[in-house]
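J.: Pasting a structure below so you can have a look.
What follows is calculated from the coordinates using simple rules that are stated; it is not laboratory data. Quick caveat: nothing in here was measured; it's all calculated off a predicted structure. Quick reminder, even Gly has a Cβ in these numbers, built from the backbone with ideal geometry, and neighbours come from all protein chains shown.
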Amino acid sequence: MKKIIILGSTGSIGTQTLDIVSKMGNDISVYGLSVNSNISLLKKQIKKFKPKAVCAGNPQDSVNLKKWLSENKIKTEVFCGAEGLDKLVSAPGADMVAAAMVGAAGLSPVVKAIESGKDVALANKEVLVMAGGEIMRLAEKKNVRILPVDSEHSAIFQCCNGEKKSRIKKIILTASGGPFYKYGKDFSKITVEQALDHPTWKMGKKITVDSATLMNKGLEAIEASVLFGVPIEKIEIVIHPQSIVHSMVEFIDGSVIAQLSNPDMRLPIQYALSYPERVKSNIEPLNLAEKGKLEFYKPDFDRFPCLKLAYCAAKKGFSMPAVMSAANETAVSAFLNKEIRFTDIANIVEKTMKAHKINKSRKIGDFIAADAWARSRALNLINKGKRK
Ligand code: MG
């Protein structure tokens, strides 16, 4: 039986991962859970899944949680904060870590999980964007698997099954296009509510805004380049509004292999958990005749400048992708707080990247430093804009 630790268990991917775990029966059990702040849902998850250990985001929550556990006579160990998270993922009793947290906070626990020899089911794409080369090198050294949970990367992973890397001619990453692909009006007037209304996928807020700016696809292109060891120039994006073809791989003989299904994150989550096996699922079967047509368009890099910024960051490499991703996280959170306009997201990312002096170090600590620098720079830009 596989024993799994789920980081970010109360988020969108976290709850769906637990849903899959409960359906997989005796093949898998929950060893640990971590949350940022949703303690009331964590309590429900503890009652249902009986983990050996959990981690809460802040000290006050962990104190309250310990009290609640002893009142309910539940023997679950409680860790707290970033240090606690590192301890939780290093626990020798677990085999796999599902990283479903949002943003750069996932980097340190993912590194610790790999160092302690655990396979990682990775939904946290910022981790690979920040320090992907190092993560992959470390994983190879420790002989652990990085299993993609993102639907596109799961598709590419499945298309490449049994193939050598040298046979890949290019990767064709599909994008739904988000809510504004055909939007004819002024992008600077786009509201938070409009940006959060995604046409095909139900996801967390940060990634939904990233899907609206298409930064999500830029991050995914970098993620694919890292995961599959293919240069960014060989990763092509195609808009596919129906979200049925989750991505494709073109091989040197001209064959293009694609993976299709109805859009449902539970499928890539389940494949990562059951790999190398395939198991039954409750996902709605795909009926292509009913769908009628599948459309594909070229993406517009001018209307969606975040795409350009991501490719530029990938080409520059080293600390630049970390800077781009951190500036984006900061700008998206300011947009969600209604402090900046939709179009300011790309502006802030671009200005932060332009001000960055690339650091060629490969140390994880230096990627974290680049991330911190970019956040403070982006915050400065946001505050400057507010004073105007
Ligand atoms: Mg995706």
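J.: Within 10 Å of each residue's Cβ, count the other Cβ atoms and sort Glu284, Glu350 from fewest upward.
T.: The most exposed by this proxy come first: Glu284, Glu350.
J.: Something else about it: If every alpha-carbon in region 196-308 counts as one equal scatterer, what log10 I(q)/I(0) does Debye give at q = 0.18, 0.19 1/Å?
T.: Cα-only, vacuum Debye calculation for region 196-308: -1.23, -1.36.
J.: When the helix-only estimate is applied to the chain (DSSP H runs of n ≥ 4, each -39,500 (n - 2.57), divided by the residue count), what is the mean residue ellipticity at 222 nm, nearest 500 deg cm²/dmol? The partial results should precede the final answer.
T.: Details: 16 runs with 187 residues, N = 388.
Calculated mean residue ellipticity at 222 nm is -15000 deg cm²/dmol.
J.: Per residue, what volume in Å³ does the Cα convex hull of region 1-61 take up?
T.: Roughly 69 Å³ of hull volume per residue.
J.: With Kirkwood's inverse mean 1/r over C-alpha pairs for Rh, give me the Rg to Rh ratio of region 2-148, two decimals please. Before the final figure, lay out the partial values.
T.: Numbers: Rg = 14.3 Å, Rh = 15.0 Å.
Checking Rg against Rh, the ratio lands at 0.95.
J.: Follow-up. Please compute the modelled spin-label separation between Thr200 and Glu277, points set 7 Å along Cα→Cβ, answer in nm with one decimal.
T.: 3.0
J.: Over 25 Å apart: what share of the alpha carbon pairs of the chain falls there, rounded to a whole percent?
T.: Everything past 25 Å amounts to 56 percent.
J.: What chymotrypsin sites (Phe, Trp or Tyr not before Pro) does region 166-245 have in DSSP loop regions with at most 15 other beta carbons within 10 Å?
T.: Answer in residue order: Tyr183.
J.: Also, I was wondering about something else. Count charges around Ser154 for me, please; just the other residues with Cβ under 15 Å from its Cβ, Lys/Arg as +1, Asp/Glu as -1. Before the final figure, lay out each step's value.
T.: On the way: positive: Lys125, Arg145, Arg266, Arg278; negative: Asp119, Asp150, Glu152, Glu220, Glu223, Asp264, Glu277.
Local net charge: -3.
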